[in-house]
Amino acid sequence: MDGNDAKPPVSAVDKTGEPCELAEGLQCFLYVTERHFLVRVLALDSDTVSVTFPGKDYPVEGMRADMEFHDENGYCYYSTEVLRGPVVGAEGIVLRRPTEVKRSVHRSTCRIPTDLTVQVKDRSHVRRYNASLQNISAGGALIQSDAPFDFSTTVDMELSLPGESTHAIPCKVAQIMPSGNPQDCHVRLLCLRFTELAADADLSITHYIWRRLQEFCERH
């Protein structure tokens, strides 16, 4: 193929947002040494991927790296490691060919930090638990609580925002993370996804977020 006719793709994501196969000519961001570098895939085989790289004495063999392919809706990323750093007489560096691709989608709703408290309960039980509302959006919330919920537990969250009515919002536990407090291993961070959001609850959250955003603008 003549060089003037070649039109290599510049993204590993197709028009539907689905990840495509790695191919020569693709451009991506390589995250290594805690920095992002714009690189291009030079060659690949069943075990390795060669990419361009601006450094002359880094990265070195064994360093972890991520290949990130961005588009308007998010990005796909492949975790890999450096097999060969820059050497004299050879272009670029060599990475281990990734075996798995992950997809991260940009948020469609704004998430705002709070210092509020909510009550949560497993929908199949009566007991309620107090929880610290870490942040909230129209799509979900992050809470900190000692509630013994499991992944995918269906939860009712009683939410009372300043100046707004109280709402009972059905949720599902989407993610569980340690709180980072070694003194209380029972307290965890729970990411809740709203499964249903009534119009009045949606409006209350929207009003609250707009007020908080205005506060942030005034501070800065």
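Laboratory data are not the source of any read-out in this text; all were calculated from the coordinates shown. Quantities reported herein were computed from a predicted structural model and do not represent experimental measurements. Glycine also receives a Cβ, built like all others from the backbone with ideal geometry; neighbour counts cover every protein chain displayed.
Determine the calculated [θ] at 222 nm for the chain from helices alone, applying -39500 (n - 2.57) to every DSSP H run no shorter than 4 residues and normalising by the residue count; nearest 500 deg cm²/dmol.
Values: 1 runs with 21 residues, N = 220.
That calculation yields -3500 deg cm²/dmol at 222 nm.
At 0.36 nm per residue, and after removing the present C-alpha to C-alpha distance, how many nm does the segment from residue 58 to residue 84 gain when stretched out fully? Can you show the working numbers first?
Numbers: separation 26, 0.36 × 26 = 9.36 nm, distance 0.97 nm.
The residue 58-residue 84 span can extend by a further 8.4 nm.
Hey, rough spin-label estimate for residue 106 and residue 196, points 7 angstrom out along Cα→Cβ, what's it come to in nanometres?
3.2
Output the relative contact order of the chain, whole-number percent, from Cα pairs under 8 angstrom with separation of 6+ residues.
On the way: 454 pairs, mean separation 25.1, N = 220.
Averaging sequence separation for qualifying contacts and normalising by length gives 11 percent for the chain.
Is the C-alpha gyration tensor of segment 27-105 telling us rounded, prolate or oblate? Criteria: a/c under 1.5 is rounded; beyond that, a/b larger than b/c is prolate, otherwise oblate. Could you put the intermediate results ahead of the total?
On the way: a/c = 1.84, a/b = 1.59, b/c = 1.16.
Judged from the Cα gyration tensor, segment 27-105 comes out prolate (a/c at least 1.5, a/b above b/c).
Å³ per residue of the Cα convex hull, for segment 136-176? Kindly include the intermediate steps, with their values, before the conclusion.
Details: hull volume 3.3 nm³, N = 41.
Measuring per residue, one finds 81 Å³ for the Cα hull of segment 136-176.
Determine the gain in length on full extension of the stretch residue 115-residue 186; use 0.36 nm per residue of separation and subtract their C-alpha separation, reporting nm with one decimal.
23.5 nm
Report D for the chain in µm² per second (integer): Stokes-Einstein, Kirkwood Rh on Cα pairs, 25 °C, 0.890 mPa s. It would help to have the intermediate numbers written out before the result.
On the way: Rh = 20.9 Å.
The calculation lands on 118 µm²/s.
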